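Each remark here refers to the structure printed beneath this line.
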Amino acid sequence: PMDAILVVPSDHLIEPEAVFLSAVELMEETAKTDKIITFGIRPTKPETGYGYIEVGRKVKENTYEAVRFIEKPDRARAEELFQDPRYFWNSGMFLFSIATFWRQMEAHAAHLHSLTSCSYTELVSRFDTLPTLSWDYAVMEKTNDILVLPLNIFWSDVGSWDSVYELLQNKRLEDLPTIWECVP
């Protein structure tokens, strides 16, 4: 059986972690099929710095088909998306099998797939010639094989100094070691 692979950016803050880890565990078997799982976050405010996911038909339990992605809307559009319960922040966290990864790359980003179908040594030597194209643009926005699991957690991608400031404003000083425990 194929293992599931979890892709998580390193600059995110997720609390409580146990809820996220339970969600990953819950979706692991589904991720071993031909589906890509992504985790949607219920917006807490209109945000122009995050992408959004529209969810559609309920597939099972709390899992929905992804209808479309909207990348970093302007302020007016972010206000609309915030008010609409069909939209979640795109957390950029994905769960899938390696077979699904390669199948999706071949189907939606054949030029990248062909560039990476060489030996590891050759790929590393050609790394600086590879196009700078994210997984989101190359595959996620094109495939119909995405399921969204909404999460009821505190999440921040901590992608700007404003988000760091906001986190510090919303946390008591005694809570900071749990937020920054990975900082030496």
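The values are calculated or read from the model by the stated rules, or taken from the named source; none is laboratory data. Keep in mind it's a predicted model, so treat the numbers as computed, not measured. Here Cβ is always computed from backbone atoms with ideal geometry, including for glycine, and neighbour counts include all displayed protein chains. What goes into the accessible areas is simple: the full protein's heavy atoms, side chains included, and nothing from ligands, DNA or RNA. Shrake-Rupley method; radii C 1.70, N 1.55, O 1.52, S 1.80 Å.
Numbers at a glance
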| quantity | calculated |
| --- | --- |
| First in segment 142-165 and closer than 12 Å to F20 by Cβ, second anywhere and outside any strand (DSSP E or B) and modelled with pLDDT under 80, Cβ under 8 Å, 6 or more apart | W155/H12 |
| Qualifying position, being of a type in the set (V, I, T), open to solvent by less than 30 Å² (accessible area, probe 1.4 Å) and in contact (Cβ under 8 Å) with a residue 24 or more places away in the chain, among I98, I53, I70 | I53 |
| Restricting segment 121-173 to residues that are under 30 Å from H108 (Cβ atoms) and acidic (D, E), the residue that is modelled with the lowest pLDDT | D157 |
| Candidate set from segment 142-162 (those that are open to solvent by less than 80 Å² (accessible area, probe 1.4 Å) and among the charged types (D, E, K, R)); member that is nearest to E15 (Cα to Cα) | D157 |
| Of the criteria (1) at pLDDT below 85; (2) assigned to a helix (DSSP H, G or I), which one C182 fails | (2) |
| Count - residues of segment 104-117 that are open to solvent by less than 40 Å² (accessible area, probe 1.4 Å) and more than 22 Å from the chain's Cα centre (by Cα) | 1 |
| Hey, S22 open to solvent by 20 Å² or more (accessible area, probe 1.4 Å) and of a type in the set (S, T, N, Q) or not | yes |
| Count of segment 38-66 residues which are of a type in the set (A, V, I, L, M) and in contact with an Asp or Glu (Cβ under 9 Å, 6 or more places away or on another chain) | 3 |
